[in-house]
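The structure under discussion appears below in the form of structure tokens.
What follows draws every value from the coordinates through simple rules; no lab data is involved. The model shown is predicted, which means the values in this text are computed figures rather than measured ones. Cβ atoms come from the backbone with ideal geometry, glycine included; neighbour counts cover every protein chain shown.
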Amino acid sequence: MIYTDQLGNKVAIHRRPSRIVSVVPSITELLFDLGLGDKVVGCTKFCVHPNKPYLLKNMIGGTKDLNLDKILQLNPDLILANKEENIKEQIEYLNTSAPVWISDVKTFDDSLKMIAQIGSITASSFQAKEIIDQLNLILKPKAPTKTVVYLIWKDPYMTVGGDTYINDILNRCGYINVFADQNRYPIVSLQEIEAIDPDVVLLSSEPYPFKEEHLQTIQRTLKNTKIELVDGEFFSWYGSRKLHIAL
């Protein structure tokens with residue numbers, strides 16, 4: 001059967017995959033939640049959910065430094081990748097030897113389409129629908145009431161623009177991203193944030209692991225702004241992670 005991935009590529013998959021390599025942590029967890037853990041033969045060192053599967057499966061490097069030879073030695077009949085998280089040239093190389101389905105998730109709806117498509121490819125559509133239904137309940141859209149800056153990095157400080165998955169999740173959680181008019185991950189200063197005066201600044205636990213000490217440092221500049229530490233996986237992982245995290 002021919003499937004179309006989220007980049008518009010045609011992917012030929014002729015039977016239910018039984019040797020899956022996932023090079024995306026959130027997709028690895030999704031596969032386990034779909035009941036496909038026994039079909040996963042390889043994953044990255046960042047695939048920490050559920051229960052650090054990289055300790056049980058063949059670890060094939062990081063998301064951006066894949067061990068290509070090891071992946072091909074696993075003889076996968078499906079590789080699941082992502083446009084943003086993986087390196088294009090590495091994925092193109094793998095695609096010469098195995099079917100590669102690439103996700104491209106910029107919104108919550110994109111993530112639901114991804115789950116449905118992976119469910120279809122792996123003959124687990126019923127389980128995929130259950131996950132989608134649960135996610136829709138968890139993330140019922142709330143009316144935006146608070147302006148927010150969501151920081152993902154330090155030195156330099158970086159936030160999220162309007163064309164990101166995180167921005168869409170913030171909106172659904174009732175926040176108005178003050179940098180929504182910018183693209184991707186703009187660099188910002190604390191002085192810029194102070195001038196904008198958002199209702200709240202959220203410090204993500206990933207990719208930069210903001211801690212209480214960072215909150216206190218930022219608070220000294222943003223004296224009148226509420227600052228919170230948040231679980232970055234809730235806002236940035238686009239598989240089934242939200243089923244396992246209380247916001």
> Got a sec? Charge dipole of the chain, +1 on Cβ for Lys and Arg, -1 for Asp and Glu; which of Met114, Ser125, Thr221 is way out at the positive end?
Replying inline: Ser125
> Among the lysines, which fall within straight-line cross-link reach of Lys64, defined as a Cα-Cα distance under 30 Å, with same-chain neighbours fewer than 8 residues apart omitted?
Replying inline: Lys10, Lys39, Lys45, Lys52, Lys83, Lys88, Lys106, Lys113, Lys154, Lys211, Lys242
> When averaged across all projection directions, what area in nm² does the alpha-carbon convex hull of the range 146-244 cover?
Replying inline: 5.9
>> Within 15 Å, Cβ to Cβ, of Thr225, how many net charges do the neighbouring residues add up to if Lys/Arg are +1 and Asp/Glu are -1?
In response: -1
> Once amide H atoms are built 1.01 Å from N in the peptide plane, which residues 5 or more positions from Val11, or in another chain, come under 5 Å H to H?
Replying inline: Tyr3, Thr4, Asp5
>> Is there a quick way to get the dipole size of the chain? I mean about its Cα centre, with the Cβ of Lys and Arg at +1 and of Asp and Glu at -1; what is the value in debye to the nearest 20?
In response: 560
>> What is the distance in Å between the Cα centroid of the range 170-244 and that of the range 83-111?
In response: 27
> Farthest toward the dipole's positive end in the chain, which of Tyr54, Asn86, Ser204, given Cβ charges of +1 (Lys, Arg) and -1 (Asp, Glu) about the Cα centre?
Replying inline: Tyr54
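Evaluate the charge dipole of the range 2-137 about its Cα centre and quote only its size in Debye, nearest 20, assuming +1 on the Cβ of each Lys and Arg and -1 on the Cβ of each Asp and Glu.
Roughly 300 debye for the range 2-137.
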> What is the distance, in nm, between label points placed 7 Å from the Cα along the Cα-to-Cβ direction at Ile13 and at Asp199?
Replying inline: 4.1
> Quick one: which of 235-244, 136-145 comes out on top by average Cβ neighbours within 10 Å, and what's the full order, highest first?
Replying inline: 235-244, 136-145
> Taking a quarter of the surface of the Cα convex hull of the range 2-137, what do you get in nm²?
Replying inline: 7.4
> Cα convex hull of the chain: how many Å³ per residue?
Replying inline: 123
> Residue-wise, which Karplus ³J(HN,Hα) couplings in Hz belong to the range 191-200, taking 6.51 cos²θ - 1.76 cosθ + 1.60, θ = phi - 60°, and x for glycine or proline?
Replying inline: 5, 4, 5, 4, 5, 6, 6, x, 5, 8
>> Run the helix sum for the chain: -39,500 (n - 2.57) per DSSP H stretch of 4+ residues, divided by residue count, reported at 222 nm to the nearest 500 deg cm²/dmol.
In response: -9500 deg cm²/dmol
